[in-house]
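Here is the structure we will look at, set down as structure tokens.
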Amino acid sequence: MSRMDYQRVLEEIRDEIQPLLGRGRVAEYIPPLAAVPLDRFGMVVHTVGNDVFQVGDASERFSIQSIAKVFSLTLAMRLEGDAIWQRVGREPSGTAFNSLVQLEIEHGIPRNPFINAGALVILDAILSHGRDGEDLILDLIRLAASSQSVGYNFVVAEGERETSHTNRALAHFLKSFGNLHNDPDRVLDAYFRLCSTSMSCLELASSFLYLATGGRSCTGEEVATPRQVKRVNAVMLTCGVYDEAGDYAYRVGLPAKSGVGGGVVAVMPGKFVATVWSPGLSDRGNSLAGTMALELLTTKTKLSIF
Ligand code: DON
């Protein structure tokens, strides 16, 4: 693909997804997210050669929510190595991302690191690395983003905390199974802050570049080893969009991670990272226009991992 082609493809996609804008629902259960206009749409392709293409609201920051769980997983792999897999699985859940039922059946071992229970366990492991555990997360996000200006949105974190009865239940349930070592409130606070991370499509694309380059950020810093990158991409492919993982692999054909803020990141290893933001969600919590945009991207460019 030449430079011209990527830009033309993005402009075609922007035109073709217009009928989907305004459809779906924003994540009303997190009050600050309920106010985000449904008609926003931004998309970016950031290549491994650091060429950046964009359309729409690509520089507007939004709440990346569960997309940030890719950073916490990467950090936990760096800190813990394979030991992390004794406390969390790596199989698709096939259930909602906040399911309590599955956690009970599986005796407190979350199915994967991206469902809420799994992300809580990952954060617990990170926090056990000392009082500075939370700083380590922000440091990793800033290393990946090659930017000191990205960070948490405390209004969103606090808004989610106030209505977080399901996540609270998950944390206490994990504690009762012995799979949470720290105080549940401490882990939950770290979790809400992580989910509140605010980035634009442009910032998100550059911060995920390490997953397309074998571990290096867009400024050449080592964020992860090639082996860790392979593993994170694999978990994204199988678990990154929850109970839509099969449909995503079929339609998009790339490892991807979504968030209820309406963002989605997809990685084409060796080629590019694509990010898209559109706040209208499907019933399963993934961006409606975002999914269509990524399907159009891999169809039009004929680039997917398959
Ligand atoms: O815990 C929650 O429900 C949110 N902070 C994050 C959920 C999320 O982004 C799931 N993604 N599609």
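Conditions: (1) surrounded by fewer than 17 Cβ atoms within 10 Å (Cβ to Cβ); (2) within 15 Å of the chain's Cα centre (by Cα). ILE122 meets all but one. Number of the miss?
Condition not satisfied by ILE122: (1).
I'm checking my understanding of the structure. Among residues of region 27-51 that are more than 24 Å from SER2 (Cα to Cα) and free of Cβ contacts under 8 Å to residues at least 12 places away in the same chain, which one is nearest to the ligand (Cβ to nearest atom)?
GLU28
Any residue at all in region 96-113 that's closer than 23 Å to GLY214 by Cα, in contact (Cβ under 8 Å) with a residue 24 or more places away in the chain and surrounded by 22 or more Cβ atoms within 10 Å (Cβ to Cβ)?
yes
Which one of ARG78, ARG87 is closer than 21 Å to TYR210 by Cα and away from the ligand (no atom under 16 Å from the Cβ)?
The match here is ARG78.
Taking region 253-306 as the search range and keeping residues that are closer than 18 Å to ASN233 by Cβ and among the basic types (Lys, Arg), which one is surrounded by the most Cβ atoms within 10 Å (Cβ to Cβ)?
For region 253-306, the residue satisfying everything is LYS257.
Taking region 184-209 on its own, how many of its residues are in a helix (DSSP H, G or I) and of a type in the set (S, T, N, Q)?
2
Identify all residues within region 170-183 that are part of a loop (DSSP other than H, G, I, E, B) and not acidic (Asp, Glu); write none if there are none.
Matches in region 170-183: PHE177, GLY178, ASN179, LEU180, HIS181, ASN182.
Show me the strands (runs of 3 or more DSSP E) found entirely inside region 217-306 where at least 1 residues are more than 16 Å from the ligand (Cβ to nearest atom).
Output list reads 263-268, 272-277.
Taking region 59-75 as the search range and keeping residues that are of a type in the set (A, V, I, L, M) and within 16 Å of the ligand (Cβ to nearest atom), which one is nearest to PRO37 (Cα to Cα)?
The selected residue is ILE64.
Values quoted throughout were computed directly from the atomic coordinates according to the rules given, and no laboratory measurement underlies them. Note that the structure is a prediction, hence the values are computed from the model and not measured. Please note: Cβ atoms are built from the backbone with ideal geometry, for glycine as well, and neighbour counts cover all protein chains shown.
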